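Heads up, the thing below is written out as structure tokens.
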Amino acid sequence: MSLEAQYETLVKAAQKSGRSVSIDVGVQAGDLILDHALRDRASDIHFETQGNMLRVRFRIDGMLQDVLVTPKNPDIPITQRLRVLAGFDPEPPASYRTEEGRFQKLIGGRPIQVRVSSFPTINGEKLVLRVLDRQQMDLDIDQTGMAQDMLDTIRKLIRNPYGIFFMTGATGSGKTTTLYAMLKNINSPLINILTLEDPVEYRLEGINQAQVSPKTGFTFTEGLRTSLRQDPNVIMVGEIRDYETAEISMRAALTGHLVLATLHTISACGVVERLFEMGVPNFLISSSVLGAMAQRLVRKVCAECSENVAPPNEAVVREFVKTLDPSEGSKIQEIIFKPGAQYKIEKGCGACRNTGFYGRLGIFELILFNEGIRGLVLTKSPTDVLKRTAIQSGMRTLLMDGMLKAWEGYTTLGEVIRVCSSVV
């Protein structure tokens, strides 16, 4: 039965019993929505007040979908129930302010962590619940979607005794999941792993995780300084945002520590330019960085309803690659027209909620700092020169990796282009 139908049944039962505002009904409605969110693999749940209406949306495979639009009913205090679970007062504050909290609940027989954010809008309060399902995060590194050659390289790289490795990508691109998979791969009683995160998404057994809290003065910078006195072998820095954090991380990488860190750039090659913008000296970048990886998530075509399709028209492909650097464009053409393609097109069915897609997988861009790249860093060469040299050394760009996954039939060409539009 759909969420709307079950919710309607709950409303009718409440009206029939003649009850006024009931905590029990609010609990049932909240649990109903959370249960459906988990079943539908939603990463976020949006509760939006729009006049006298309540709108509920799920973010599934990165895309928002309406799941319930209904008149607000005082007999079913859903948002009040969720506010209490998050540690807020039942009613939103009279003065406009944001609130953040979290709770854990047993859903479908397993404990689920939920992070709650409240935001005041002119139409009323908006609540967003981030569903943190450990089963979705507890991936092995070979389940992330990396090709075998890249997997082999990453496994070797994260076993280096020192150096810094960067993960880049937009919010929600799966960086944290991949970093956790890397930490899980090297986790051992023989090494001391420390993490600095904001926030700590999941508890990892055998790893020492710290929650950054700028309000108390425990910033990334302060946490890094302290962690270096904790005899670490590996340090994960949730995000490098400024020069001081970058410098301490990179000097730690030079003095016998492996550092894994995230940085906000649109590509792996853009890491160098971003560090230059922060004021990090080129010699420090060249001597400490092992490599960088950019990541995006593409939706996988639904196995139940997807259909085979012929390769794209050559003229269309030639027109498309005109917008790319020639070194990348020629590689894209090779991938697209390589014999044995399994191109798919999405259709839509009940299994995928008529979207044509079910689940997601990563596409990656990995640049390794070999002697050629280090030389370009020392001369402060621009990003496009770094990228061209890396491609000549065997790097697959995000677009190339995405096209390869479309060629293999995991996703569609259209989905790859949509996700990679910022780097084309």
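The values are calculated or read from the model by the stated rules, or taken from the named source; none is laboratory data. None of the values given here were measured: they were computed from a predicted structure. Cβ placement follows ideal geometry from the backbone for every residue including glycine, while neighbour counts extend to all protein chains displayed. Ligands, DNA and RNA are excluded from the accessible area calculation, which covers all protein heavy atoms including side chains. Shrake-Rupley method; radii C 1.70, N 1.55, O 1.52, S 1.80 Å.
Computed values, structure above
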{"item": "Given charges at Cβ of Lys, Arg, Asp, Glu: the chain dipole, positive-most of Ala253, Met167, Leu132", "result": "Leu132"}
{"item": "Prolate/oblate/rounded label for segment 32-78 (Cα gyration tensor, a/c 1.5)", "result": "oblate"}
{"item": "Extension gain, Asp40 back to Asn354 (0.36 nm per residue minus Cα-Cα distance, nm)", "result": "111.8 nm"}
{"item": "For segment 28-42, 3J(HN,Hα) per residue [Karplus equation, 6.51 cos²θ - 1.76 cosθ + 1.60, θ = phi - 60°, Hz, x = Gly/Pro]", "result": "4, 5, x, 5, 4, 5, 4, 5, 5, 4, 5, 5, 8, 6, 6"}
{"item": "Residue-span extension gain [Gln50 to Lys322] - 0.36 nm each, minus C-alpha spacing", "result": "93.4 nm"}
{"item": "Net length gained if the chain between Gln392 and Thr9 were fully extended (0.36 nm per residue, minus Cα distance)", "result": "131.7 nm"}
{"item": "³J(HN,Hα) computed for each position of segment 208-224 - Karplus, 6.51 cos²θ - 1.76 cosθ + 1.60, integer Hz, glycine/proline x", "result": "8, 9, 10, 8, 5, 9, x, 4, 9, x, 8, 8, 4, 5, 5, x, 5"}
{"item": "Gyration tensor (alpha-carbon) shape descriptor, segment 146-292, a/c threshold 1.5", "result": "rounded"}
{"item": "Residues whose placed amide H lies under 5 Å from that of Asn192, excluding near-sequence neighbours", "result": "Asn233, Val234"}
{"item": "Those lysines that a straight Cα-Cα span of less than 29 Å connects to Lys338, excepting residues fewer than 8 apart in one chain", "result": "Lys300, Lys322, Lys347, Lys387, Lys405"}
{"item": "Inter-site label distance for Asn187 and Glu314 at 7 Å from Cα along Cβ, in nm", "result": "5.2"}
{"item": "Cβ-derived FRET efficiency at R0 35 Å, Lys347 paired with Ala170, nearest 0.05", "result": "0.80"}
{"item": "Residues whose placed amide H lies under 5 Å from that of Ala210, excluding near-sequence neighbours", "result": "Thr195, Leu196, Glu197"}
{"item": "Relative contact order (%) - criterion: Cα under 8 Å, at least six apart; region: segment 1-88", "result": "33"}
{"item": "Solvent exposure of the chain as accessible area per residue, Å², 1.4 Å probe", "result": "47"}
{"item": "Whole-Å distance, taken between Cα centres, linking segment 50-128 and segment 162-209", "result": "29"}
{"item": "Efficiency of FRET between His264 and Lys16 - r from beta-carbon atoms, R0 56 angstrom, step 0.05", "result": "0.60"}
{"item": "J(HN,Hα) series, segment 173-185, from Karplus relation 6.51 cos²θ - 1.76 cosθ + 1.60, nearest Hz, glycine and proline x", "result": "8, x, 4, 4, 4, 5, 4, 4, 5, 5, 5, 4, 5"}
{"item": "Pairwise label distance in nanometres, Leu106 with Thr121, each label 7 Å out on the Cα-Cβ vector", "result": "3.5"}
{"item": "Sites Lys338 and Asp142, calculated FRET efficiency, Cβ-Cβ separation with R0 22 Å, nearest 0.05", "result": "0.40"}
{"item": "Those residues of segment 29-60 whose amide nitrogen sits under 16 Å from the label point placed on Glu239, 7 Å along Cα→Cβ", "result": "none"}
{"item": "Label-to-label distance, nm, for residues given as Thr226 and Glu277 (7 Å Cα→Cβ offset)", "result": "3.0"}
{"item": "Amide H within-cut-off set for Leu54, under 5 Å, with H built and near neighbours excluded", "result": "Thr70, Lys72"}
{"item": "Protein accessible area in the chain, 1.4 Å probe - carbon and sulfur %", "result": "51"}
